[in-house]
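Contents: one structure, followed by commentary.
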Amino acid sequence: MRKALVLAPHADDETLGMGGTIARMAAKGWSVTVAVMTGHGEAPHPIWSRDIWDQVRSEAAKACDVLGVAELVFEDLPASCLDLHPTHEINTAVAGLLDRIRPEAVYVPFVHDLHRDHHAIAYAAQVAARPYRTPFVKMLAMYETPTETHLRPGEAAMAFIPNEFVDITDHFETKLSAWAHYESQQLPGYSPRSPDALASLAGFRGAYIGVRYAEAFQLLFRRF
């Protein structure tokens, strides 16, 4: 069975960023593992109490079940604090997942996203998935996350430039159904996370390849 690992800095990144692709891969027989990399952390968190994770992790479980995820993993690196957390511990957590799961395809957030947790996880994946270290990894790609990928000015960092597109026309409604389970993460009014905005982005990406809906990725390497 072909295996894929999706690294999500926070619960909901996987659904927002590539929920349609996850659903498509699962439908095609892939075993998809989603690893939510952050939580409260071992020490007292400077922002959130420990019980807040119960709700969002419950929502993640429901969303990933809708998408057809085979395994949902929760790591406990401190959320919104990874820029202050020892880099070697983040790298070790990601490397351990790769060594255990041995995925053929690995997906990570865009390394220049606004949220620094996204950068830390994407960097750790690039360290762990160096081609000479993990020959079982055949592809490493970055997904775009609404509210994070396109809210950093282009002059501040490199822009997300997709070079891989996945047709999710048959799975877009599944993505929306999964996203609906993240009740605690919904934003009121018009926002990049609204269903209309998600449809607009998927439609825009779909136009690149002549389909109704697509998700876009920036490949770091592929050696199929």
Check: Can you tell which of Ala141, Ala105 is over 25 Å from Ala199 (Cβ atoms), modelled with pLDDT of 95 or more and crowded, with 19+ Cβ neighbours inside 10 Å?
Finding: Ala105
Checklist line | Residue within the range 191-214 that is under 17 Å from the mean Cα position of the chain (by Cα), part of a loop (DSSP other than H, G, I, E, B) and within 21 Å of Leu67 (Cβ to Cβ) present | finding: yes
Check: Going through the range 40-92 one residue at a time, which ones are assigned to a loop (DSSP other than H, G, I, E, B) and touching a helix residue (DSSP H, G or I) at 6+ places or on another chain (Cβ under 7 Å)?
Finding: His40, Gly68, Val69, Ala79, Ser80, Leu82, Asp83
Notebook entry, point to check: Which ones in the range 196-222 are surrounded by fewer than 22 Cβ atoms within 10 Å (Cβ to Cβ) and of a type in the set (Phe, Trp, Tyr)?
Noted result: Phe204, Tyr208, Phe221
Next item on the list: Could you grab me the full set of residues in the range 28-39 that are small (Gly, Ala, Ser) and either over 19 Å from Ala4 (Cα atoms) or part of a strand (DSSP E or B) (or both)?
Entry: Ser31, Ala35, Gly39
Checklist line | Candidate set from the range 157-216 (those that are touching a Ser or Thr at 6+ places or on another chain (Cβ under 9 Å), among the charged types (D, E, K, R) and modelled with pLDDT of 95 or more); member that is nearest to Thr15 (Cα to Cα) | finding: Lys175
Notebook entry, point to check: What pairs can you find where one residue is in the range 10-31 and touching a residue at least 40 places away in the same chain (Cβ under 8 Å) and more than 15 Å from Ala180 (Cβ to Cβ), the other is in a helix (DSSP H, G or I) and of a type outside the set (Asp, Glu), and their Cβ atoms are less than 6 Å apart, with a gap of 6+ or different chains?
Noted result: Ile22/Leu67; Arg24/His171
Notebook entry, point to check: Quick one: in the range 152-183, which of the residues that are farther than 25 Å from Leu67 by Cα and without any contact (Cβ under 8 Å) to a residue 40 or more places away in the chain is most open to solvent (accessible area, probe 1.4 Å)?
Noted result: Glu155
Note to self: Looking only at the range 184-195, filter to residues that are closer than 21 Å to Ala216 by Cβ and out of contact with any helix residue (DSSP H, G or I) (no Cβ under 6 Å at 6 or more places or on another chain); which one of those is surrounded by the fewest Cβ atoms within 10 Å (Cβ to Cβ)?
What the structure shows: Ser191
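The values are calculated or read from the model by the stated rules, or taken from the named source; none is laboratory data. All values reported here derive from a predicted model rather than from experimental measurement. Please note: Cβ atoms are built from the backbone with ideal geometry, for glycine as well, and neighbour counts cover all protein chains shown. Ligands, DNA and RNA are stripped out before the accessible areas are found, and what is left, the full protein with its side chains, is counted by its heavy atoms. Shrake-Rupley method; radii C 1.70, N 1.55, O 1.52, S 1.80 Å.
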